[in-house]
Amino acid sequence: MRKIVIAGNWKMYKTQAEALEFLQGFMPLLEETPEDREVVLCVPFTDLATLSRNLHGGRIRLGAQNVHWQEVGAYTGEISASMLTEIGARYVIIGHSERRQYFGETDQTVNLRLKAAQAHGLIPILCVGETKQQRDAGETEAIIFNQLKQDLVEVDQQNLVIAYEPIWAIGTGDTCETREANRVIGLIRQQLTNPNVPIQYGGSVKPDNIDEIMAQSEIDGALVGGASLQPESFARIVNYQT
Ligand code: PEP
């Protein structure tokens, strides 16, 4: 049985005060959320402690948006896995296309981060996906298979979530056609040694398309950027209708 994981990625949004305000609006909207849905908020590092203190044992799981592979050291600006677990994080996004594009993440550093996260009990959400140019050139499958091959070397597939995020669909409102997302996710699953790894779709997921996305047989959840910033819209996504 594959787990359903719906994760919000707040990117570089929300001060601590704004994060608390979100929580106050969001938590009451989860009262009817089916138990089998894992609800995750991947927030800026500075919001983790505040949220952790205010979750009160509820069903929201906390996540970060990156982690360094070293335990300690002279790595200015980086955060280690034990710093994240100490503060209550359970998940961490790794290899988001914005990290790859703007901050020079490579498949090698993504692989190191995945292994470090798992060694400390964090569940990584590994992001893979193609650019528009790569899709138009018919390279989608090759690009993604190559990312998986390099990123997953010696990675434990029992403690892993993968997000298929076509880069051209992130933050653009240009959602990947649901059957196409389902097809690519099915192909991703065929590359794995554990077919039960939850595989999310990410890219302009909104309240008005989540029901159709989650109706697809291969899709096990969503990674949600913009629409996770408002309690009502993220709650509608988490409470998708089957
Ligand atoms: C993301 O941040 O991973 C994402 C998919 O963003 P959005 O939902 O805004 O497209």
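No value in this document is a laboratory result; all are computed from the given coordinates. Computed from a predicted structure; not experimentally measured. Here Cβ is always computed from backbone atoms with ideal geometry, including for glycine, and neighbour counts include all displayed protein chains.
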Could you work out the per residue convex hull volume over the alpha carbons of region 121-230, in cubic angstrom?
-> 99 Å³
Final fewest-first order of F145, F26 on the 10 Å Cβ neighbour count is F145, F26
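Please report Rg over Rh for the chain, where both radii come from the alpha carbon positions and Rh follows the Kirkwood definition.
Using only Cα positions, Rg/Rh for the chain is 0.94.
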Sum -39500 (n - 2.57) across every DSSP H segment of at least 4 residues in the chain, then divide by the residue count to get the 222 nm mean residue ellipticity, nearest 500.
-> -10500 deg cm²/dmol
Pairs of Cα atoms farther than 22 Å apart, region 20-130, % | 35 percent
Over all directions, what mean area does the Cα convex hull of region 55-191 project, stated in square nanometres?
-> 9.5 nm²
Calculated FRET value between Q24 and M1, using beta carbons and R₀ = 51 Å, to 0.05 = 0.95
log₁₀ of I(q)/I(0) at q = 0.15, 0.19, 0.24 Å⁻¹ - region 1-75, Debye sum with one point per alpha carbon = -0.57, -0.84, -1.17
Order of Y201, Y102 under a 10 Å beta carbon neighbour criterion, fewest first | Y102, Y201
The residues E35, E180, sorted from fewest to most surrounding Cβ atoms within 10 Å, come out as E35, E180
Taking each pair of different alpha-carbon atoms in region 46-107 once, compute 1/r for the pair, average those values, and report the inverse of that mean as the Kirkwood hydrodynamic radius in Å to one decimal.
-> 12.8 Å
